[in-house]
4 protein chains.
Amino acid sequence: MEQQSARLGRPRSERARAAVLHAADDLLVELGYAAMTVKGIADRAGVGRQTVYRWWSTKAEILLEASADDARQELAVEPASDPVDGLTQYLDALAVFLTRSHAGAAYRALTGEAQHDPAVAALLDGDDVIGDSARAVLGRILGEDADRGTLDQATALLIGPLFYWLFTDHDPALLDTRAMAETCHLQLVRAGEGDGAQARPAASQPL
Amino acid sequence: MEQQSARLGRPRSERARAAVLHAADDLLVELGYAAMTVKGIADRAGVGRQTVYRWWSTKAEILLEASADDARQELAVEPASDPVDGLTQYLDALAVFLTRSHAGAAYRALTGEAQHDPAVAALLDGDDVIGDSARAVLGRILGEDADRGTLDQATALLIGPLFYWLFTDHDPALLDTRAMAETCHLQLVRAGEGDGAQARPAASQPL
Amino acid sequence: MEQQSARLGRPRSERARAAVLHAADDLLVELGYAAMTVKGIADRAGVGRQTVYRWWSTKAEILLEASADDARQELAVEPASDPVDGLTQYLDALAVFLTRSHAGAAYRALTGEAQHDPAVAALLDGDDVIGDSARAVLGRILGEDADRGTLDQATALLIGPLFYWLFTDHDPALLDTRAMAETCHLQLVRAGEGDGAQARPAASQPL
Amino acid sequence: MEQQSARLGRPRSERARAAVLHAADDLLVELGYAAMTVKGIADRAGVGRQTVYRWWSTKAEILLEASADDARQELAVEPASDPVDGLTQYLDALAVFLTRSHAGAAYRALTGEAQHDPAVAALLDGDDVIGDSARAVLGRILGEDADRGTLDQATALLIGPLFYWLFTDHDPALLDTRAMAETCHLQLVRAGEGDGAQARPAASQPL
DNA sequence: AAATAAACGAGACGGTACGTCTAGTCTTTCA
DNA sequence: TGAAAGACTAGACGTACCGTCTCGTTTATTT
């Protein structure tokens with residue numbers, strides 16, 4: 001007496017799902033995002049085109065599913081005793097992620113696409129792997145009581161310069177990540193001193 | 001003693017050039033970058049498709065030519081007596097540019113596209129309107145003797161947070177631009193004190 | 001024990017095939033062969049362009065497929081008791097075919113095109129509807145034992161004058177088809193008398 | 001007192017005219033009629049495109065002008081003592097012309113094109129080099145008193161079979177030209193005996 | 001000699017078909 | 001019912017050529 005009859009019909013093929021995700025990852029590296037096509041992914045995966053469309057709407061969705069787990073793992077930095085060390089390590093991990101890993105290449109491509117495709121923007125907004133990882137690191141320094149707005153601005157302060165540096169195609173080796181971490185940490189401390197500070201443009205307090 | 005014999009053949013039509021640039025600008029706003037096509041631009045401009053391809057290779061080139069002049073003008077901020085005021089005004093102008101103006105929309109789209117199209121990346125690298133404008137403002141504070149590496153890092157520090165904020169689709173009104181300007185200015189001053197400092201990752205000095 | 005399992009995938013659309021052939025026929029009459037385009041055929045047929053190219057390489061192939069069946073039918077002349085009557089009826093049918101029917105217009109165009117397009121020449125050579133029909137009529141007179149070379153020359157003798165007459169744009173009403181048939185028949189008889197004759201240029205025997 | 005003053009302006013360049021005609025001839029041989037383009041001719045001739053369009057409307061006109069003189073010369077057969085010899089020599093010359101000479105290739109292409117381009121048909125109708133040459137040969141046999149209709153039908157009878165043979169891409173070596181000439185001559189004699197005969201389909205007299 | 005006039009080469013113009021590509025959908029058979 | 005195969009309509013791609021239209025230049029005749 002099954003309370004919920006098993007879903008009818010042939011169950012989804014895990015083999016097909018994995019093949020599609022792998023094919024997308026491969027093609028991103030081989031051809032780049034722009035040259036990737038749904039047709040190409042399906043052909044490479046040995047899968048019918050309809051099967052792709054049945055489970056994913058766009059190549060962006062495929063790529064996100066193919067990369068999210070890897071990204072989360074690569075951006076998880078264990079706590080350091082010194083806050084500046086922790087921030088520096090995080091920035092270094094982020095730089096490596098964005099410039100060296102497959103998943104990072106996918107995120108650069110998707111973030112780029114999001115600038116002119118609202119659907120991709122919404123997709124990324126719903127699963128902000130990079131932002132979440134940064135907020136996790138910053139949360140360990142600011143404590144549990146930090147509100148979301150403060151965390152968001154601190155995130156921008158921390159990773160913004162690196163983000164800009166890489167998105168304008170500069171060499172990450174030429175960027176002083178420790179200096180960035182120190183700058184960010186200094187602001188965190190200053191903001192903490194200004195008690196009850198609320199970060200709003202009208203007020204001129206630092207953060 | 002003619003230095004250059006007059007060019008042969010029918011001269012390029014300024015009318016056609018302007019029509020293409022206007023059409024590209026219009027279509028970017030109406031349809032967005034992804035939905036723009038060379039065919040669409042040519043049709044809208046009342047111009048043959050070959051005429052577009054004769055002078056531009058990609059829609060990115062068209063858009064860049066259509067926006068560069070506007071961008072340069074919108075990002076030119078006159079000197080302020082107080083350095084922090086100057087930086088703040090520049091950040092505000094940049095935020096308005098990227099979120100409100102046609103040319104800014106074009107630059108967001110192009111910078112996004114550059115993440116997965118090396119040709120577009122090269123194009124932007126060759127004419128870095130935003131970076132140039134930031135370096136101009138920072139140069140007024142750092143003086144003539146500032147070297148390029150220092151200027152580049154200062155640029156990242158100044159506009160990186162805003163850049164990240166907007167590229168991850170946040171509301172610019174929620175970002176404290178004056179705080180960003182102060183943070184940047186503080187680092188400029190600290191770096192100036194550390195005389196003969198050379199900003200390299202190995203060294204831990206701030207900038 | 002199936003000899004051939006049914007083919008995979010969506011089967012070819014008979015609707016699309018028929019629409020293309022009809023469209024080609026219509027456009028030949030309306031515009032003429034030179035002004036026909038593959039694009040025009042596809043549009044008129046309400047069919048994707050790729051669908052046309054999937055099944056046919058050139059407009060010549062389309063036209064041939066559209067006309068071959070009609071041509072075969074229009075050129076089939078039933079046996080007459082008198083040989084000269086049979087030949088005359090065939091010539092009249094051929095004249096009507098080439099000057100009045102859609103299929104005939106297609107054959108004129110294709111034969112013309114074959115003069116400067118080897119691909120079209122090969123196409124017609126592989127399915128010589130007109131020659132086949134003439135050889136069928138002549139075979140009834142010459143008997144089963146006529147070899148191919150003799151049949152081919154008799155064909156040239158029979159329809160050559162009419163062919164030239166029409167291809168140089170003369171009025172078919174001004175040509176005496178019975179005289180042509182008689183001439184041809186006379187030669188057939190003369191050649192039959194010269195027993196064991198082999199038609200070769202070196203020898204001067206008539207056929 | 002010149003009644004018609006020499007025309008004003010720069011006179012037509014004989015150099016350009018010759019270069020265009022040569023280029024057309026070359027390209028016909030190299031590429032074939034279908035692949036020839038006005039642009040290609042102009043480029044090959046080192047001539048502006050407008051110069052071509054100023055003097056010729058279509059590539060057919062160019063080709064006709066380039067070939068007519070050669071054709072007339074190649075098809076001029078001197079009188080023979082025996083009529084059948086004369087006809088045979090003419091047919092052989094025509095076969096060589098159509099299959100071996102540049103000018104002949106041009107005529108095959110043009111005659112082909114005429115089947116689906118009325119403008120080309122009109123062009124050829126106005127300067128029927130092949131028909132004229134055949135009528136000249138036949139006129140020498142039939143005498144001055146032969147009327148145009150009789151000459152035309154005799155022409156069809158004489159060259160029709162060869163014409164068909166070559167237009168359906170057969171080897172001219174396999175056709176017995178002397179037999180064709182004899183057949184034609186026999187009919188000329190028979191028609192001559194039937195005094196005052198007028199060739200009309202209604203009547204059943206041979207020619 | 002200067003003015004006039006037409007032809008010249010070069011090459012850009014708007015237009016349109018080419019044949020290819022991918023999108024996203026539809027229709028089969030097989031598991 | 002899902003998956004594979006593959007045909008379907010639709011439409012953009014970048015190229016080629018069309019026939020026309022400027023350009024500046026050249027070569028004549030006419031003043």
remark   = Taking the label point 7 Å from Cα along the Cα-Cβ vector, the copy-to-copy distances for B:Ala122, listed from shortest in nm with one decimal, are 3.7, 4.0, 5.3
key: Theoretical ellipticity at 222 nm over chain C - DSSP helices of four or more residues, -39500 (n - 2.57) apiece, nearest 500   = -22000 deg cm²/dmol
note = Per-residue Cβ contact counts at 10 Å, fewest first, order C:Ile130, B:Ile141 as B:Ile141, C:Ile130
note = B:Thr51 neighbourhood, Cβ < 10 Å, K/R = +1, D/E = -1, net charge +4
key: Net charge of neighbours whose Cβ lies under 10 Å from the Cβ of D:Ser133, counting Lys and Arg as +1 and Asp and Glu as -1   = -1
key: At least 15 Å along the helix axis (C-alpha) and Kyte average at least 1.0, DSSP helices within chain A   = A:129-142
query = Going by how many other beta carbons lie within 10 Å of each one, how would you line up A:Ser13, A:Ser101, fewest first?
reply = A:Ser13, A:Ser101
request  = Work out, in µm²/s and without decimals, the Stokes-Einstein translational diffusion coefficient of the protein assembly as shown at 20 °C, 1.002 mPa s, Rh from Kirkwood over C-alpha pairs.
outcome  = 62
query = Plugging the Kirkwood radius over Cα pairs into Stokes-Einstein for region D:134-185, at a temperature of 37 °C and a viscosity of 0.692 mPa s, what D comes out in µm²/s?
reply = 280
ask   = Where Rh is the Kirkwood radius over the Cα pairs of region D:14-56, the temperature 25 °C and the viscosity 0.890 mPa s, what D in µm²/s does Stokes-Einstein return?
value = 245
task = Give me D:Ser67, C:Ser133 ranked fewest to most by other Cβ atoms within 10 Å of their Cβ, as a rough exposure proxy.
result = C:Ser133, D:Ser67
task = Can you find, among D:His185, D:Leu124, D:Leu142, the residue farthest towards the positive end of the dipole of region D:67-193? Put +1 on the C-beta of Lys and Arg, -1 on that of Asp and Glu.
result = D:His185
note = Taking every residue of B:113-125, the Cβ atoms of other protein chains inside 10 Å of its Cβ average out to 5
inquiry  = So, R0 is 60 Å and r is the distance between the beta-carbons of B:Leu174 and D:Ala34; what FRET efficiency does that work out to, to 0.05?
reply    = 0.35
task = Calculate how large, on average over all directions, the projected area of the Cα convex hull of chain D is; give the answer in nm² to one decimal.
result = 16.3
remark   = Distances in nm between the label point of C:Asp145 (7 Å along Cα→Cβ) and its equivalents in the other copies, shortest first, are 4.6, 11.8, 12.2
message = Within 14 Å, Cβ to Cβ, of D:Arg100, how many net charges do the neighbouring residues add up to if Lys/Arg are +1 and Asp/Glu are -1?
response = -3
request  = Classify region B:1-104 as rounded, prolate or oblate, taking a ≥ b ≥ c as the square roots of the eigenvalues of its Cα gyration tensor: rounded when a/c is under 1.5, otherwise prolate if a/b is larger than b/c and oblate if not.
outcome  = oblate
note = With a 28 Å threshold on alpha-carbon distance, the violating pairs from A:Lys39/B:Lys59; A:Lys59/C:Lys59; A:Lys39/D:Lys39; A:Lys39/B:Lys39; B:Lys39/C:Lys39 are A:Lys59/C:Lys59; A:Lys39/D:Lys39
task = State the residue of chain B whose Cβ is nearest the axis carrying B onto C, and the distance in whole angstrom.
result = B:Lys39, 7
query = Which whole-number percent is the relative contact order of chain A (Cα, under 8 Å, 6+ apart)?
reply = 17
note = Projecting the Cα atoms of B:Ala45, B:Ala24, B:Trp56 onto the charge dipole of region B:14-56, where Lys and Arg contribute +1 and Asp and Glu -1 at Cβ, the residue farthest towards the positive end is B:Trp56
ask   = From the label point of B:Asp43, set 7 Å along Cα to the beta carbon, how far off in nm is each other copy's matching point, shortest first?
value = 1.2, 2.7, 2.9
task = Grab the beta carbon distance between B:Ala122 and A:Ser57, set R0 = 35 Å, and tell me the FRET efficiency rounded to 0.05.
result = 0.65
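Every number here is computed from the coordinates shown, using simple stated rules; none is lab data. Everything numeric here is computed off the predicted structure, so don't read it as measured data. Glycine also receives a Cβ, built like all others from the backbone with ideal geometry; neighbour counts cover every protein chain displayed.
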